[in-house]
1. Can you name the number of the only condition in (1) of a type outside the set (D, E); (2) open to solvent by 20 Å² or more (accessible area, probe 1.4 Å); (3) more than 16 Å from the ligand (Cβ to nearest atom); (4) assigned to a helix (DSSP H, G or I) that R751 fails?
2. Condition test on S833, is it away from the ligand (no atom under 16 Å from the Cβ) and hydroxyl-bearing (S, T, Y)?
3. Consider A522 against the criteria (1) touching a helix residue (DSSP H, G or I) at 6+ places or on another chain (Cβ under 7 Å); (2) more than 23 Å from A414 (Cα to Cα): it satisfies all of them except one. Which criterion is unmet?
4. Out of the residues in the stretch 700-717 that are part of a loop (DSSP other than H, G, I, E, B) and of a type in the set (D, E, K, R), which is surrounded by the most Cβ atoms within 10 Å (Cβ to Cβ)?
5. Out of A754, A725, which single residue is without any contact (Cβ under 8 Å) to a residue 24 or more places away in the chain and among the small types (G, A, S)?
6. Just the residues that are more than 14 Å from the ligand (Cβ to nearest atom), part of a loop (DSSP other than H, G, I, E, B) and among the small types (G, A, S), please, taken from the stretch 659-682.
7. Need at least 1 residues that are modelled with pLDDT of 95 or more and over 26 Å from G351 (Cα atoms) per element, so show me which helices (runs of 4 or more DSSP H) inside the stretch 92-189 make the cut, counting only ones lying wholly within it.
Amino acid sequence: MTVPRPAVRARGWATRTVVFLAVAGTALLGMPGTGSAAPRADPTGTLAPEQAVRVPVGAEPDGAAVTLDASVFAPSDKGQHPALLLAHGFGGSKNDLVTQANDLAGRGYVVLTWSARGFGASGGRIHLDDPDYEIADARTLIDTLAARPDVRLDAPGDPRVGVVGASYGGALALMAGASDPRVDTVAAVITWNDLADAFFPQNVTSAGAPAGASSPAQVDRVPQPGPFKQLWASRFFGSAAAPSPTTPPAAALPATTGGSSTAATSAVCGRFDPTVCQLFLAAAESGQPSDALLSVLRAHSPKPVLRTLKAPTYLVQGMADSLFGLEQADATARTLSGQGTPVAVRWIDGGHDGPSSTAAADEESLRTWLARYLPVDPATASTATTATASTATASLPVPAFAYAAPIPRRQSVAPILEAPAYVGSVTSTTLALTDATARPVLAPPGGQPASVTTIPGAASLAASLPAYQLAALPGQFAAFDSAPVADRMSIVGAPRARLTVTSSSTSATFYLSLWQVTAGVATLPRRLVAPVTVRTTPGAATTVDVALPAGTWTLEGGSSVRLLVTSTDSAFTGTRAARVDRVAVADATISLPSVAGRVVSGDTTRDTESIGVAAAIVVVLLALLGSAWWQRRRRQHEPARADLIDVPLVVDGLVKTYKDGHRAVNDVSWRADRGQVVGLLGPNGAGKTTTLRMVMGLIRPDSGTVHVLGDPIRAGAPVLARVGALIEGPGFLPHLTGLQNLRAYWAATGRTEADADYDQVLEVAALGDSINRPVRSYSQGMRQRLGIAQAMLGMPEVLILDEPTNGLDPPQIAAMRPILHRYAASGRTVVVSSHLLGEVEMTCSHVVVMHAGKVVTTGTVAELVDSSDTTVVLLGPGADAEAVAERLRQVAGVTEVDVDLDPVEARLTVTADLPRAEVVRAAAGTGADIVGITSRRHLEEVFLGVIASASASDGEPGDGSRSLTDRLRQVRSR
Ligand code: ATP
């Protein structure tokens, strides 16, 4: 019977998964794929019509009979031909393989394709390559082939047959080959060795593995499962949920496995075997696999049966594959190689996440493989039988190991390299990390937000995203960089390192990835992460060996690698409890594997343009590094000052010019002593923030020094632990509560909880119950108070607050005053920058006034507002203040009279080289209605006075059009 061309289906995710998996396999199984929509290609008329076959197989566990929907594609000539079973990917059906089957039939094979049970028009349910169901079905299909007159037999009932499949079909091919000695060869593409390891990956390796790895992608994982690869599991469900034309949804499911309710489960599970499905659902809910699920997944894997696989096996595994990584094929290859089964390994640069760039060469190598073990010409059949029995790797028809190198710039096809062996081919070198010391990594509560590296099945989409920013979320990662490599370097295999983890929990999970950094840009070519779940003793450091995702990298000279450790990854169900762990790299090295491969296709020669650019970058970098090193060395060797050991803060001769040439701070010197609240004042742009940033070591001065308690300040100086600061507004993680933010911040300092003084600090924050609300719901004032509280954590000896009153309302500002007074009264020191002069006057004991990058005056507030040459005359309502001022200006010795026409009480500020009594007498002599005399000016007046005279002496354009009073009004209105 001739089967009509199948219609294209449209089932959302399921369809996409089908097409995707079909395409991933297609490159190796025939013509570049168009999947199920491909017309039958038979231009030479050498093919018999496609025959639909219904094959009865074993019943379901509930006794329901199952028939598989199969098709046979055969050459039209009368002879006997070798046969092939062609198995489809998960979520697909036999229709996905029409093109490939036709192609192979045209080359002289009898090809049988079928829809696995639970898929397409076949009956039954999906058991996930269960040895008792799908694998038993494959043996029945081999019986079917053996009964065909056009299939060549090696013995009665024993056809000359190979099993070829990708992904779901690939594991089936390996397991069928292991369970049926009639299978003459196996080709397994992008598939698993152990399904439990694939869904719960764990890249903590047993001790000693870095030195002991014998194959490039070897991961001898410790027994504890890692986190759940949830996103891929969801895609499995999505593609299995479609109803079957012949199998109704599982209506009555046994509610024995702790999963969801039966009705809901049956809707979600679609055609999945309900037992397997419920185990998966329970894992998805808890994030943890049950022992039952692990043992089901392990049993539905090639791993436990490989010892009986003797047929030569070709393993093709993808590097762009976040589902089944290279380590899966590696484990299969090592087992087969160890027992003498002929095996070849090919690493392609495609996989479940994208297509292979070398599809044509991949395809050709598979044909070469099949031609050897399933020769179409019967004359060579006996030779092939002998070869099948041979265990010599040297007799393989393809290289024992072939791998795709990264695609060079401006090319689209990966170079392919070959090595004479897979196992034993790897050597490793170590690369030093510039700084491997411990740093905090926050695991956010609820596991959100999560880093995004992998987008399962969508490498091309992922390529358009800002990769590093999405992977390295603030606070949630640690990055360890190597120094730039001097010469070009090829990495082939799984890089390794030793991580030291200190956690407050008994288990901490991280996701590792190896980034390539060129000219400051970090890229992760295949977007793979390796999860590690480390068993820890709370508070104690634990060191473990870890393997990173395997692949191939080419590092040009001048590039470096970055080991990124994140606490979350969106493709996995991660830890939900918030924690701050500390992560370091033990030995400060990373071990990079390599293989002495020979280029057989493509161009790996140097890209001279890039090399030129890289060389130039290296020269510039070296020059910059040299100068930075020299400066750093100078600073690091700056001695502590014994004479300043009791002085909380001394700023001496600071100069800072920004890149645009603007000198923001010019020879600034001042000091703050114990018990003082020092106000740093100045108009906008005076250089206050720039000064404070230098004080905190956030930016480097061009010259000058800052000493805190005698120790010089530079970035990361240990003495900064004695300084608390709020500079340029608080920065918090919005999804964490106020208290969680404080705890995370404190944990990152590495000091004990008891030192934090949470009680006092929370009193300052005065946030009440809101301290337990996410910060994203806070008003600006609440954030500001939390920022001040954060700066006070641990009650540091020096507290620096840049514009602390920003966002606070008047009662809150007033409440802050006694807090700062008390803080300083306890022998500590407070420095505040502010433009609220009235506030500074009431809060600060001392002021430093800056203008245009310079200090224009310093002193106590009392001295500044209470100067002997100034007398303030307060006039009653109705007094003609201007007339009185004019008369006073005529008095000899009076230098300035300023008028503040307050409607209630006009003020005349008289500056004179006269005893105050004479000024008072002269004022009274005008006959005006005087209601008060004081020696105290407002700080605002002092401030504007000094700013005005500083501007004048700097030769700035005069401001004569505006009186001091006008300027005061302007300041007040800010
Ligand atoms: P404000 O009260 O407005 O915050 P400030 O006294 O804190 O002012 P700074 O922020 O230190 O002043 O700025 C001093 C001068 O340096 C300003 O002219 C500012 O424009 C300039 N400046 C500040 N940061 C930079 C930078 N990163 N690059 C270039 N110029 C800068």
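1. Looking at each condition in turn, R751 falls short on (4).
2. For S833, the condition - away from the ligand (no atom under 16 Å from the Cβ) and hydroxyl-bearing (S, T, Y) - is not met.
3. If we test A522 against (1) touching a helix residue (DSSP H, G or I) at 6+ places or on another chain (Cβ under 7 Å); (2) more than 23 Å from A414 (Cα to Cα), just (2) comes out false.
4. Going through the stretch 700-717, the residues part of a loop (DSSP other than H, G, I, E, B) turn out to be 700-702, 709-710, 713-717.
Pick out the ones that are also of a type in the set (D, E, K, R) and you get 700, 702, 714.
Numbers: R700: 16, D702: 12, R714: 19.
The residue in question is R714.
5. When all the criteria are applied, what remains is A754.
6. G675 - this is the single residue of the stretch 659-682 that is more than 14 Å from the ligand (Cβ to nearest atom), part of a loop (DSSP other than H, G, I, E, B) and among the small types (G, A, S).
7. Correct list: 134-146, 168-179.
Residue-wise test of (1) within 17 Å of R822 (Cβ to Cβ); (2) open to solvent by 10 Å² or more (accessible area, probe 1.4 Å); (3) without any contact (Cβ under 8 Å) to a residue 12 or more places away in the chain.
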{"position": "D769", "(1), (2), (3)": "no, yes, yes"}
{"position": "R773", "(1), (2), (3)": "no, yes, no"}
{"position": "S777", "(1), (2), (3)": "no, yes, yes"}
{"position": "M782", "(1), (2), (3)": "no, yes, no"}
{"position": "G794", "(1), (2), (3)": "yes, yes, no"}
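The values are calculated or read from the model by the stated rules, or taken from the named source; none is laboratory data. Here the structure is a predicted model, which is why all the values come from computation and not from measurement. Cβ coordinates were reconstructed from backbone atoms using ideal geometry, including for glycine residues, and neighbour counts include every protein chain displayed. Accessible surface areas use protein heavy atoms only, side chains included; no ligands, DNA or RNA. Shrake-Rupley method; radii C 1.70, N 1.55, O 1.52, S 1.80 Å.
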